[in-house]
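To keep things clear, I will list the structure first and then write my remarks on it.
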Amino acid sequence: MGSHSDQETMALLDAPPQSAPAAARPQLPAAGGGLVERVYAALEERIVTLRLPPGAAVTEAELSAALGVSRTPLRQAMQRLVGDGLVVILPRKGLLITEVNFSDHLDILETRRALEGVLLADAARRAGPEQRAALAACAEAMAAAAEAEDAEAFLRLDKRFDGLVEQAARNRFAARALAPLQAHCRRFWYLHLLRTDVRRSAEIHRALTAAIVAGDPEACRRHCDALMAYLREIALQAVRR
């Protein structure tokens, strides 16, 4: 178990992600959304971006102090992270950030393929003009980040893209099931693939956006299959390396 000293853990919690802009950092308390939701989002970001790395052990007291919140909302947020498979609670010992398992990652991608196909198809049917425009702008920003070889910026935009699809699809059941799988995939990227050329992913996201804008659910499903196949391929390449 990769435990840290109290000083090391607090440094991990307090330090911003490398090269992340201030707007990308969770600020607590903040306007919009309930406190538990904001605590959850802040902790999920720290785990996904490896500021709380796989195998790290932390305590409620450390997290409460770092985020400036009481233990009640913290515990509620932690229970969600346990359900997501990102955290394990060790009775009388604290909290453990789960390891990243490659075979689990392949299962996650296959499950993502089914759920994301549903959500993207719903977005194609239900998105309004402003949502279609926002998705198109996000896809272009992703392409620019890919061209600049800025994988970290690409991942932040990828998360925004997923949020826009969720809003456009208006299918809270698929979105709720999909969100933790997307978080696991992003953590895999931060751990293994930050040096990967993401231009192919940007191309697929552009194609997905065009299908949503055109209102073509079947095209969305095809491009979703292509994206999951690409993610599987580069994951296999990373493990072989």
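Summary of values
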read-out	value
Of residues in segment 57-107 being on the phi > 0 side of the Ramachandran plot and assigned to a loop (DSSP other than H, G, I, E, B), the one modelled with the lowest pLDDT	R92
Of all residues making up segment 85-98, the number that are more than 16 Å from L50 (Cβ to Cβ) and out of contact with any Ser or Thr (no Cβ under 9 Å at 6 or more places or on another chain)	4
Residue match in segment 190-198 (condition: outside any loop (DSSP other than H, G, I, E, B) and within 19 Å of H223 (Cβ to Cβ))	no
Unmet criterion (only one of (1) surrounded by 19 or more Cβ atoms within 10 Å (Cβ to Cβ); (2) farther than 19 Å from L155 by Cα) for E218	(1)
Only listed residue being surrounded by fewer than 21 Cβ atoms within 10 Å (Cβ to Cβ), of a type in the set (A, V, I, L, M) and closer than 24 Å to S103 by Cβ, chosen from A229, A207	A229
Looking only at segment 95-118, and only at residues there that are touching a helix residue (DSSP H, G or I) at 6+ places or on another chain (Cβ under 7 Å) and within 12 Å of A57 (Cβ to Cβ), the one that is surrounded by the fewest Cβ atoms within 10 Å (Cβ to Cβ)	L95
A124 being of a type in the set (A, V, I, L, M), farther than 24 Å from R51 by Cβ and surrounded by fewer than 16 Cβ atoms within 10 Å (Cβ to Cβ)	no
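The values are calculated or read from the model by the stated rules, or taken from the named source; none is laboratory data. As the structure is a computational prediction, the values presented were derived from the model and not from experiment. Counting neighbours? That spans all protein chains shown, and the Cβs are built from the backbone with ideal geometry, glycine included.
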